[in-house]
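Below: the structure, in C-alpha cells.
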Amino acid sequence: MDELDLSQFKDAFIAEAKEHLSSLNAATLELEKNPSSPEIINELFRAAHTLKGMSATMGYEKIATLTHYMEDLLDKLRKNVITASPDIVDIIFECFDYLEKLVVEIETGQDAGLKISYLSERIQNKINAEENPSELQMTSAQSDDKSAAFAASPKSGAPASRASSTIRINTTHLDAIMNLVGEMVIAKAQLEQIAADHKIETLSASLQQFDRIAIDLQEAVLKTRMVPVSHVFDRYPRMMRDLSKKLGKTAEFEIVGSEIEIDRILLDEINEPLVHILRNALDHGIEPADQRMSEGKNPAGKIILEARRERGHISIIISDDGKGLDAELLKNKAVERNIIAEDKARALSDDDAYLLICDPRFSTVEKITDVSGRGVGMDVVKTMIESFNGHLYIVSQKGEGTKFILNLPLSMAIISVLLVKVGNEKYAIPINNITEILACDTEKIKTIENSEVVMFRDEVLPLVRLRQKFALRAENFSNSQMSDGYLLRVESANKKAALVVDGFHGRKEIVLKTLGGILRHAKGFSGATITGDGSVILLIDILHWL
C-alpha cells in the first residue's frame, strides 16, 4: 500500500495550528495575571497537547518536540510542583514565538534555521532549578544559541484568531462572489433603465421580484465577508505587554467591543494603523510611573482599544490617560519647521492643531527610537484610513489623555444611497448619513457671522449649498432648478448640517468603486458608481463638506 501523502492536509494544519497558537497566546497573558489559576494552566496544556499530536501526525518534528517539552513544564504547573513565576511565563511566551516561526517555516516552505535545542534545554534547566534550587541555570553559551536562533528568522505576524464554529473558505472565492454580485447590481440597474425607457410593464414587474432576491443575495454575501474585530484585536495584548517591558512602563490594556463585525478586507487593512497608534499611545502618551505619581495619577497608565457600531459605520477608539497633546506646542513646532505659516497656525482650532502630528515632517520627539519618533507613523495612519473612505479624529486634553478615533465604513463594496440633483448632474449621498428631508423654506434661513444657518426642528444647523460648493454657474441649471430646492439633514462623525440639493433620482443600491488615476486625490468625494445607462456618479463625502 502506498504511503499516505499528508501534504494535501498542510493548509488545514496551518489554519488549525494558528488557532491553537492564538489560544496559547491569550491563555499565557491570562496566566501572567492569574498565575495560580488551574483553568488557565489546563487550557495551556490542552492547546500544547493538541498541537503536539497534530504536528507529530504530519511529521513536523520540531513542533512536536518543542510542544512535548512544553507539556513537561505545564504538567509540573498543573501538579503544583513549580509555580507560574515571571520567568516561567517568559519561557512559555518564548515557546509561543518559536512555534509561531516554525508554523511560518511550514507555510512558506523555507527553513529559517531555527534551533529548538536552546528552549528545550532552558525548559529542562528551569524545571530542575525550581525542583532543586542548587541546580545551575542555563549557560551563557546557550544564551548565545538563543540569539542565533532568533536572528535566523524575522518575527512573523500575529497568529490567527481563536477557533469558531465556521468552515474555512479561500478568501479569493469570497472576493470573486462579491465581484459577481457587484456586476449583477449594475446589470439590474441597466434592466431597470431599459424597462423604464421602453415602458415594458411585464419586465418591470419581474424586476421587482428580482430586486428583492438581489437585495437578499447582497446581504448574504456581505455577511460572509463580515468578521469580528477580535480577529485583529486579539493580537495586541501580547504586543502591548512586550512593549511595556521594553519601555519600562506600566500600563493596563483593555479591549472593549471585540465582538463588533466589520468587512474582512477592511479588517486586514486597519492592522498597521492600529499598531502605529497603540505603540505611540504607550511610548508618547503614557508617562513614566514616577512622573505620574508626582502629578497625582495612578502609577500604572491605562490604554483602551474600543470598537463601536455607529450609524452606518464602525468607530475604533484608542484612548489613553497620559499626558495628552499640547495644541500650542504643536503649533509652535509646526511654525518652526515651516510646515505652516505663523498667522495660519494661530488661527487653527485645537482639533486641527492635533492633526498636525499627521504631517510627515512633524515630530516633537527629541530622541528617535525603534518604537516611534521618526515623524512618519501618523502620516501613514491618516493616509491609510482615508484610502478606504475612513476618517481620523484626535481629541485630547493636556495632562489628561488623548483619543484617536477612526471612523470606518462597515463595508467597502455595496452601499445604499440617495441619488440627488445638483444643477444638471447626479450625485450620490449615503443613506446612512441622511436623517430627514424637507422642502427648503427661505424664511428659516438666517445669517450668523457671515455664515448661513437654518432652523431645522428647533435645531440651528449650518447650511451647505452644494451649488456653491461645486462652483456651478447659472448655465448648469434649468429654469425649474433655480428654486431653493430641498434640505437634507445629514450627520457624520458627530457633525450635523443641512445640505441644499435641487431634486432627487431615488434610492439605489450601488457598487462603490474607489477613485483612481488623476481623480484619486479629489477632495469631497469618496468613490464613484456606474448607473444602468453607463454614466458615472460620484459619491459625496459628507464629512468633507460639513
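When a/c reaches 1.5 or more, the comparison of a/b and b/c decides; with that in mind, is region 22-64 rounded, prolate or oblate per its Cα gyration tensor? It comes out prolate by the Cα gyration axes.
In terms of accessible area, using a 1.4 Å probe and ignoring ligands and nucleic acids, Met378, Met293 rank largest first as Met293, Met378. The residues of region 1-97 present an accessible area of 49 Å² per residue when probed at 1.4 Å with all protein chains retained.
Here region 231-307 is treated with +1 on each Lys and Arg Cβ and -1 on each Asp and Glu Cβ, and its dipole about the Cα centre works out to around 460 debye. Spin-label point model (7 Å from Cα, Cβ direction): what's the Ile265 to Leu217 distance in nm? Going by the 7 Å Cα→Cβ label model, 1.8 nm. Computed 3J(HN,Hα) for region 185-190, one whole-Hz value per residue from the Karplus formula 6.51 cos²θ - 1.76 cosθ + 1.60 where θ = phi - 60°, is 4, 5, 5, 4, 5, 5, glycine and proline marked x. Which shape class, rounded, prolate or oblate, goes with region 178-277 when its Cα gyration tensor gives a ≥ b ≥ c as root eigenvalues, a/c under 1.5 marks rounded, and past that a/b bigger than b/c marks prolate? Judged from the Cα gyration tensor, region 178-277 comes out prolate (a/c at least 1.5, a/b above b/c). Roughly how much of Thr250 is accessible, in Å² to the nearest 10, using a 1.4 Å probe? We get 80 Å² for Thr250. The label point for Glu107 and the one for Asp352, both projected 7 Å from the Cα toward the Cβ, are 4.4 nm apart.
Tell me whether region 20-144 comes out rounded, prolate or oblate; compute the Cα gyration tensor, take square roots of the eigenvalues as a ≥ b ≥ c, and use a/c under 1.5 as the rounded threshold. Verdict is oblate for region 20-144.
A simple spin-label model places pseudo-atoms 7 Å from Cα toward Cβ; at Ala341 and Glu443 they are separated by 4.5 nm.
Within a straight-line Cα-Cα reach of under 28 Å, Lys115 can be paired with the following lysines, leaving aside sequence neighbours fewer than 8 residues apart in one chain: Lys10, Lys18, Lys52, Lys62, Lys76, Lys101, Lys126, Lys146, Lys155, Lys245, Lys246. Please report the net charge: other residues with Cβ closer than 9 Å to the Cβ of Ser319, K and R +1, D and E -1. Summing Lys and Arg as +1 and Asp and Glu as -1 gives -1.
The values are calculated or read from the model by the stated rules, or taken from the named source; none is laboratory data. As the structure is a prediction and not an experimental result, all values here were calculated from the model. Cβ sites come from the backbone with ideal geometry, for glycine too, and all protein chains shown count toward neighbours. Protein only, heavy atoms only, side chains kept; ligands, DNA and RNA dropped before computing areas. Shrake-Rupley method; radii C 1.70, N 1.55, O 1.52, S 1.80 Å.
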